[in-house]
Amino acid sequence: AIQGAYAVPVQDRVMAPRYVPGDVLMVHSGKPIVEGDACVFTLLPQYAQEGNCIIARVQMIDDRCIQVTLPGLENAKPFDLYRSRLSDTGKIIGLYHK
């Protein structure tokens, strides 16, 4: 077992074609993230609407926020995830594809 590692099932197509519904992502919250990484961001309950995880690609990082994109959505523009609203940030380190 790896401390800080967990699995997340993919339920939508926002990161297609790389990750599609039915895939299971292996995520490690102890790995540092850098621009270009695909990550799972877990929102604090008070900021979550439908589910509490967002799978996205990191575009830019600073002390206050992480700018991300959802490559599977046509014409998707980058948006900010404020660190104060996140309970966890995990780097995708593996994939189980059915």
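The values are calculated or read from the model by the stated rules, or taken from the named source; none is laboratory data. Note that the structure is predicted; figures quoted are calculated from it, not measured. Glycine gets a Cβ as well: all are built from the backbone with ideal geometry, and neighbour counts include every protein chain shown. Accessible surface areas use protein heavy atoms only, side chains included; no ligands, DNA or RNA. Shrake-Rupley method; radii C 1.70, N 1.55, O 1.52, S 1.80 Å.
Given the criteria open to solvent by less than 60 Å² (accessible area, probe 1.4 Å), among the aliphatic types (A, V, I, L, M) and either closer than 17 Å to Tyr6 by Cβ or in a helix (DSSP H, G or I) (or both), does Ile66 qualify?
When the stated conditions are applied, Ile66 does not pass them.
Being modelled with pLDDT of 90 or more, closer than 20 Å to Val27 by Cα and either of a type in the set (A, V, I, L, M, F, W, C) or part of a loop (DSSP other than H, G, I, E, B) (or both) is the filter here; which residues of region 71-96 pass it?
Once the filter is applied, which keeps residues that are modelled with pLDDT of 90 or more, closer than 20 Å to Val27 by Cα and either of a type in the set (A, V, I, L, M, F, W, C) or part of a loop (DSSP other than H, G, I, E, B) (or both), region 71-96 yields Leu81, Leu86, Ile92, Ile93, Leu95.
How many residues does region 46-63 hold that are within 26 Å of Gly22 (Cα to Cα), open to solvent by less than 70 Å² (accessible area, probe 1.4 Å), out of contact with any Ser or Thr (no Cβ under 7 Å at 6 or more places or on another chain) and not in a loop (DSSP other than H, G, I, E, B)?
3
Within region 17-37, can you find the residues that are under 22 Å from Met60 (Cα atoms), open to solvent by less than 30 Å² (accessible area, probe 1.4 Å) and not aliphatic (A, V, I, L, M)?
The answer is Tyr19, His28, Asp37.
For Val14, indicate whether it is surrounded by 14 or more Cβ atoms within 10 Å (Cβ to Cβ), assigned to a loop (DSSP other than H, G, I, E, B), under 13 Å from the mean Cα position of the chain (by Cα) and not small (Gly, Ala, Ser).
Working: surrounded by 14 or more Cβ atoms within 10 Å (Cβ to Cβ): yes; assigned to a loop (DSSP other than H, G, I, E, B): yes; under 13 Å from the mean Cα position of the chain (by Cα): yes; not small (Gly, Ala, Ser): yes.
When the stated conditions are applied, Val14 passes them.
Conditions first: (1) of a type in the set (D, E, K, R); (2) surrounded by 14 or more Cβ atoms within 10 Å (Cβ to Cβ); (3) over 14 Å from the mean Cα position of the chain (by Cα). Asp80 passes all but one, so which condition is the exception?
It is condition (3) that Asp80 fails.
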